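Undergrad: Quick one: this structure, given as structure tokens, is what I'll be asking you about.
The values are calculated or read from the model by the stated rules, or taken from the named source; none is laboratory data. Everything numeric in this text was worked out from a predicted model, so none of it was measured. The accessibility values were calculated without ligands, DNA or RNA, using every heavy atom of the protein model including side chains. Shrake-Rupley method; radii C 1.70, N 1.55, O 1.52, S 1.80 Å.
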Amino acid sequence: MSKVEIFDPAMCCSTGVCGPGVDPELLRMATIISNLQKAGKDIKRHNLSEEPQIYVDNKAVNQVLMNEGVDALPVTLVDGKVVKKGGYPSNEELLEWTGTTEEELVTIMVKEELSKVSGGCCGGDDSGCCCG
């Protein structure tokens with residue numbers, strides 16, 4: 001299994017829901033990364049405004065920034081090597097790089113949704129608080 005790291009530009013948050021408009025690309029990235037992490041995949045995301053030192057310490061990312069500037073962000077590394085810059089990877093690329101099948105991802109997403117449905121006052125709680 002490969003290690004995938006995504007180095008975002010400076011943002012107030014990684015989800016894209018922190019301003020007046022939602023960036024669907026940031027929302028997609030937050031969702032798929034969360035699901036891949038739940039599947040035990042080695043995938044991380046860094047935000048320049050929250051972790052500036054890692055951008056300095058990582059030689060590959062630092063070189064991209066020195067040569068091309070912040071417009072080259074986001075930068076994606078797989079096992080320490082730059083595989084994409086200037087845009088986010090597709091879901092298919094992330095699945096390939098993490099060794100995940102679409103079926104595995106769907107299973108994770110379904111389990112997540114089922115856990116939301118089965119929780120709460122109606123999800124197996126015998127108190128009858130809202131199912132009465």
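Undergrad: Check Lys44: other-chain or 5+ apart residues with amide H under 5 Å from its amide H, H built from backbone geometry?
TA: Correct list: Val4, Glu5, Ile6.
Undergrad: Among the lysines, select those whose C-alpha is under 27 Å from the C-alpha of Lys59, and discard any that sit fewer than 8 residues away in the same chain.
TA: Candidates past the 8-residue exclusion: Lys3, Lys41, Lys44, Lys81, Lys84, Lys85.
Undergrad: Provide the solvent-accessible area of Asp79, counting protein heavy atoms only and rolling a 1.4 Å probe, rounded to the nearest 10 Å².
TA: 90 Å²
Undergrad: Report the full-extension gain for the segment Ser2 to Thr31: residue separation times 0.36 nm, less the Cα-Cα distance, to one decimal in nm.
TA: Values: separation 29, 0.36 × 29 = 10.44 nm, distance 1.93 nm.
Between Ser2 and Thr31, full extension yields an extra 8.5 nm.
Undergrad: Please give the contour-minus-distance gain from Ala10 to Glu92: 0.36 nm per residue of separation, less the Cα-Cα distance, rounded to one decimal in nm.
TA: Residue separation times 0.36 nm, minus the Cα-Cα distance, leaves 27.0 nm.
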